[in-house]
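Let me begin by presenting the structure, written as structure tokens, before commenting on it.
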Amino acid sequence: MGFADLVPVVLLSPVAGYMADRFERIKLARIIQFMNATVTALLAITAFAGWLNIELLLLFAFITGMDHAMFQPIRSSLPPELVPREDLPAAIAFGGFTWNSARLIGPAIGAVILHYFDVNTVFLVNTFLYLWFFAALWMVRVPPTPKRPPSGLSILGDIIAGYRYAASHPVIGPALVILFGSSFLTRPLVELMPGFSSGVFGQGPAVSLF
């Protein structure tokens, strides 16, 4: 399940970064969030209808991973277009704080819903949250992205040039190495936590309440 959710990030993030650099970012963000809301709504409908099985769940996880992979570079590149340059460090810091705090608070809220209701309700709440985010994006006004002159390279050539620049940069290169290590060494622990909670310690989502 973790592989189905994360492998699109590895495969599609470079393409999404290229798109964020070449096309209107806010339009791309709206399209991707509409797809996200549609996928989560279909997941909720499938769950309430009783049709959900492990194969469909893996498929939904993979499609959701594709949406996240496409949206992440666009989300990261929007702050410079939304705030003045002098406020950019604070905007990036605040965006990182909200993103990572949501990764901590969201599962805890999901555990409470699981304890008092069921997993179908979690899917339904998730759908409404994506719809809210989609509506919020329609209210954001971003100046048109200036068109970049063509680089003369293919899409693959541009992506490879980006990798070379990042790898040779004195700050970006080491930062990516640290991110690579933390992602591959700590993320599996997050994915395995539910299994340990249930299979090893005999606890379910109720453990998050204490």
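The values are calculated or read from the model by the stated rules, or taken from the named source; none is laboratory data. Treat the numbers as computed from the prediction; the structure is a model and nothing was measured. Note that each Cβ is placed from the backbone with ideal geometry, even for glycine, and that neighbours are counted across all protein chains shown.
Residues satisfying the criterion are present in region 41-56 (criterion: acidic (D, E) and free of Cβ contacts under 8 Å to residues at least 24 places away in the same chain). Within region 32-49, track down each residue that is over 16 Å from W132 (Cβ atoms) and surrounded by 20 or more Cβ atoms within 10 Å (Cβ to Cβ). L43, A47, listed by residue number. Of the candidates I172, I155, the single residue that is surrounded by 10 or more Cβ atoms within 10 Å (Cβ to Cβ), out of contact with any Ser or Thr (no Cβ under 7 Å at 6 or more places or on another chain), among the β-branched types (V, I, T) and modelled with pLDDT of 85 or more is I172. Residue pairs whose Cβ atoms lie under 6 Å apart, separated by 6 or more positions or on different chains, with the first residue in region 184-200 and within 17 Å of L104 (Cβ to Cβ) and the second outside any helix (DSSP H, G or I) and not hydroxyl-bearing (S, T, Y), are S197/Q203.
Here D5 passes the criteria (1) buried (at least 19 other Cβ atoms within 10 Å of the Cβ); (2) at pLDDT below 85; (3) under 25 Å from L82 (Cβ atoms) except the one numbered (3).
Pairing each residue of region 79-107 that is without any contact (Cβ under 8 Å) to a residue 60 or more places away in the chain and farther than 27 Å from V125 by Cα with any residue that is polar (S, T, N, Q) and part of a helix (DSSP H, G or I), provided the two are 6+ apart or on different chains, yields C-beta distances under 9 Å for I92/S76.
Every residue, every condition in (1) within 21 Å of G17 (Cα to Cα); (2) more than 23 Å from the chain's Cα centre (by Cα), yes or no:
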| site | (1), (2) |
| --- | --- |
| A93 | yes, no |
| A102 | no, no |
| A111 | no, no |
| F117 | no, yes |
| L124 | no, no |
| G162 | yes, no |
| S168 | yes, yes |
| R187 | no, no |
| L192 | no, no |
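The single condition from (1) in contact with a helix residue (DSSP H, G or I) (Cβ under 8 Å, 6 or more places away or on another chain); (2) within 18 Å of F34 (Cα to Cα); (3) not in a helix (DSSP H, G or I) that V125 fails is (3).
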